[in-house]
Amino acid sequence: MGETIASKEMHEYFDELEARLKEAIKIANTARARGGDPKPVVEIPLAKDLADRVENLIGVEGVAAKIRALEEKNVKRRMCSRNRASGRRRRSGKLRNKKGCS
């Protein structure tokens with residue numbers, strides 16, 4: 001998975017959230033093990049992004065990586081389209097071929 005672009009403080013905040021979530025799940029699993037709930041463990045799979053969520057839900061290994069690759073391709077395509085539409089890539093009446101755009 002690609003690295004999230006954020007400040008050091010934001011990464012620390014996300015790490016703290018994840019640590020607290022894992023602790024809450026541990027507490028919930030301990031409570032469930034005592035028999036107060038029909039399911040012995042917390043059944044919500046953790047996911048870092050939508051691609052992970054889809055992979056966890058359908059249970060097919062490798063789907064997340066494929067979704068991320070397709071999303072990256074789509075982002076590049078949208079950026080190229082946006083640049084063409086705005087005319088920012090025009091120079092001397094010719095359309096320059098920006099890296100990654102055809």
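Read the figures in this text as sums done on the coordinates, not as results from a lab. Predicted model only: the values in this text are computed from it and were never measured. Positions of Cβ are backbone-derived with ideal geometry, glycine not excepted, and every protein chain shown enters the neighbour counts.
When its C-alpha radius of gyration is set against 2.2 N^0.38 Å (N residues), segment 45-85 gives a value of 1.46.
Which value, in nm² and rounded to one decimal, describes the direction-averaged projected area of the C-alpha convex hull of segment 1-64? If you wrap the Cα atoms of segment 1-64 in a convex hull and average its projections, you get 5.3 nm².
Proximity of backbone amide H atoms, modeled 1.01 Å from N, is registered between VAL42 and ASN29 at under 5 Å, excluding neighbours fewer than 5 places apart on the same chain. Remark: SER7, SER81 ranked as SER7, SER81, counting other beta-carbon atoms within 10 Å and listing the fewest first.
Considering only alpha-carbon pairs that sit under 8 angstrom and 6 or more positions apart, the relative contact order computed for segment 1-76 is 18 percent.
The loop-placed GluC sites (Glu not before Pro) in segment 1-63, going by DSSP, that have at most 12 neighbouring Cβ atoms within 10 Å of their Cβ come out as GLU3, GLU43, GLU61.
Quick one: ARG68, ARG34, fewest Cβ neighbours within 10 Å first, how do they rank? Each step should come with its number before you reach the end.
Values: ARG68 16, ARG34 8.
Ordered from fewest to most neighbouring Cβ atoms within 10 Å, ARG68, ARG34 come out as ARG34, ARG68.
In this structure, the residue pairs whose Cα-Cα separation is over 20 Å, taken from LYS48/LYS76; LYS22/LYS48; LYS8/LYS73, are LYS48/LYS76; LYS8/LYS73.
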